[in-house]
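Enquirer: I have a structure I would like to understand better, so I am pasting it below and will then ask my questions one at a time.
Coordinate-derived values only; no laboratory data. Not measured: the values here are computed from a predicted model. Quick reminder, even Gly has a Cβ in these numbers, built from the backbone with ideal geometry, and neighbours come from all protein chains shown.
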Amino acid sequence: MRKTLSLFCLLTAVTATTCLAGISVDHDKSADFSKYQTFTIVEATEAISPLMRERLIKAIEVALGAEGLEKVEEGGDLKVVIHTSTDTETHVTADNWGYGGYPRWGGWGGWGTTTVNVTNIAVGTLMLDMVDASSNQLVWRGVATDSIPKKSEKVERKIYKAVDKLFRHYPPEN
């Protein structure tokens with residue numbers, strides 16, 4: 001019984017964690033990624049703030065620079081299109097303390113309390129599209145979703161971590 005309960009708790013914790021954070025990447029299998037040498041950044045949706053925008057752009061520059069691509073202001077081989085959105089998820093947890101007694105024992109009642117916690121969590125989604133500038137066709141898309149911390153230094157770390165994880169899958173292997 002104890003092993004089953006421990007396994008259940010572990011699976012619940014893993015599931016809760018993966019619901020909050022996610023990375024997905026897709027690409028055009030017929031695209032020749034070796035021909036791309038430069039990129040231009042295009043913002044499709046405004047970031048939450050100008051500071052967030054700058055952090056995103058810098059993280060993209062660093063990640064793609066590590067892959068050998070050079071940023072140019074205009075006319076890049078690839079257009080990197082930034083999409084951002086925020087939403088709020090509501091998480092409800094209930095904690096039970098004590099015991100409820102055993103009704104078959106003459107209605108003897110137990111004691112206990114139940115505490116219900118409702119938490120609103122800000123969740124951000126970053127979608128990066130890489131579009132072949134000559135054909136205007138989407139060749140790569142990465143999506144990262146995670147909770148947004150309240151402290152700006154934690155936000156910056158999460159941005160760099162998300163962009164780094166996305167571009168681990170670039171260039172894609174067909």
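Enquirer: Within the set Lys29/Lys154; Lys79/Lys154; Lys35/Lys154, which residue pairs have Cα atoms separated by over 31 Å?
Expert: As for pairs spanning more than 31 Å Cα to Cα, those are Lys29/Lys154; Lys35/Lys154.
Enquirer: Say R0 is 30 Å: what FRET efficiency, to the nearest 0.05, do Ala44 and Asp95 get from their beta-carbon distance?
Expert: 0.10
Enquirer: Right, here's the next one. Under the 0.36 nm per residue contour assumption, what length would be gained going from the current alpha-carbon distance of Arg168 and Ser147 to full extension?
Expert: 5.5 nm
Enquirer: Follow-up. What residues qualify as long-range amide H neighbours of Glu43, i.e. H under 5 Å apart, gap of 5 or more or another chain, H built at 1.01 Å from N?
Expert: Amide H neighbours of Glu43, under 5 Å, 5+ apart: Ile82.
Enquirer: Right, here's the next one. For a quick check: sort Val155, Val42, Val92 by the number of other beta carbons within 10 angstrom, fewest at the front.
Expert: Fewest to most other Cβ atoms nearby, the residues stand as Val92, Val42, Val155.
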